[in-house]
Amino acid sequence: MDGVDVAGRVDGRTARAERTRAAIVEAHLALISEGDLRPTGERIAERAGISLRTLWTNFKDMETLFEASGAEVLRQQDAAYRPISPGLPLTKRVDAYCRQRARLLQLIAPSARAAQMREPVSEQLHRNRLKHIERVRDEVEALFAVELAEAGPGREQLLNALVAASTWQAWSMLRYGLSLGVDQARAVMSRTVGALLAEVAPD
């Protein structure tokens, strides 16, 4: 029985620790979504309803918190993602892809804007961004495989152009640099992606 009791206590502590870590990540992302793009440890702890000491017991520094928060943002994106059939006509694929990209980019907008401010001095935020880019790259390669194959030696250049046109940096330029609404920004993305692929689309 003693062994069972010990195991139960360990499992209970583990579950509590996981809940605490989840609450910290939730508080971090909530503050960012409300416009506090550089929340301090004190504000995060207060929002999570814990002490500052508890915060740094669970996360040794901001970099480890950025890693956990980045993983949660990716999880939210995965939950919102809907597969698009590569068998659709090109125009329908482009439209569906850009609509989904716009929706997912709006989902991550607060955390992406916050990350932009700190990425120059954060290796973890840079790694988080590379994960997002790699996912977009994988999707483009699968969804537009026929057109990419038609590009021949220019395949890699076309792939890079498509990824660049549909990731956060381009979206940020459209939304905040040019002050376009979501629908306007999506239309520009659609036009860009469509024009790139039309050059190599098989007859």
- Task: Under 9 Å between Cβ atoms, at least 6 apart or on separate chains: pull out the pairs that start in segment 77-92 with a residue that is touching a residue at least 40 places away in the same chain (Cβ under 8 Å) and end on any residue that is assigned to a helix (DSSP H, G or I) and of a type in the set (Ser, Thr, Tyr).
- Result: 84/97
- Working only within segment 178-203, note down all residues that are modelled with pLDDT under 95 and of a type outside the set (A, V, I, L, M). 199, 202, 203
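Take the conditions surrounded by fewer than 16 Cβ atoms within 10 Å (Cβ to Cβ) and farther than 22 Å from residue 70 by Cα and apply them to residue 91. Does it pass? Spell out how you get there, then give the answer.
Values: surrounded by fewer than 16 Cβ atoms within 10 Å (Cβ to Cβ): yes; farther than 22 Å from residue 70 by Cα: yes.
For residue 91, the condition - surrounded by fewer than 16 Cβ atoms within 10 Å (Cβ to Cβ) and farther than 22 Å from residue 70 by Cα - is met.
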- Message: I'm checking my understanding of the structure. Among residues of segment 24-43 that are in contact with a Lys or Arg (Cβ under 7 Å, 6 or more places away or on another chain) and among the small types (Gly, Ala, Ser), which one is farthest from residue 112 (Cα to Cα)?
- Response: 27
- Message: What's the total number of residues in segment 21-67 that are open to solvent by 70 Å² or more (accessible area, probe 1.4 Å), assigned to a helix (DSSP H, G or I) and among the acidic types (Asp, Glu)?
- Response: 4
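If you go through segment 100-107 one residue at a time, do you hit one that is closer than 30 Å to residue 60 by Cβ, open to solvent by 30 Å² or more (accessible area, probe 1.4 Å), aliphatic (A, V, I, L, M) and modelled with pLDDT under 95? Give the derivation first.
Taking segment 100-107 and keeping what is closer than 30 Å to residue 60 by Cβ, we get 107.
From what's left, open to solvent by 30 Å² or more (accessible area, probe 1.4 Å): 107.
Narrowing the set further to residues that are aliphatic (A, V, I, L, M) leaves 107.
With the extra rule that they be modelled with pLDDT under 95, the set shrinks to none.
No: segment 100-107 contains no residue that is closer than 30 Å to residue 60 by Cβ, open to solvent by 30 Å² or more (accessible area, probe 1.4 Å), aliphatic (A, V, I, L, M) and modelled with pLDDT under 95.
Let's see how each residue does on (1) open to solvent by less than 40 Å² (accessible area, probe 1.4 Å); (2) farther than 23 Å from residue 97 by Cβ:
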{"position": "117", "(1), (2)": "no, yes"}
{"position": "125", "(1), (2)": "yes, yes"}
{"position": "131", "(1), (2)": "no, no"}
{"position": "136", "(1), (2)": "yes, no"}
{"position": "141", "(1), (2)": "no, no"}
{"position": "148", "(1), (2)": "yes, no"}
{"position": "158", "(1), (2)": "yes, no"}
{"position": "166", "(1), (2)": "yes, no"}
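Do you know which residues across segment 47-63 are on the phi < 0 side of the Ramachandran plot and touching a residue at least 12 places away in the same chain (Cβ under 8 Å)? Give the steps one after another, and end with the answer.
The initial filter retains those residues of segment 47-63 that are on the phi < 0 side of the Ramachandran plot, namely 47-48, 50-63.
Within segment 47-63, 47, 48, 50, 54, 55, 56, 58, 59, 62, 63 meet the criteria.
The values are calculated or read from the model by the stated rules, or taken from the named source; none is laboratory data. Small disclaimer: the values here were computed from a predicted structure and weren't measured. Cβ sites come from the backbone with ideal geometry, for glycine too, and all protein chains shown count toward neighbours. Remember, those area values only see protein heavy atoms, side chains included, never the ligands or the DNA or RNA. Shrake-Rupley method; radii C 1.70, N 1.55, O 1.52, S 1.80 Å.
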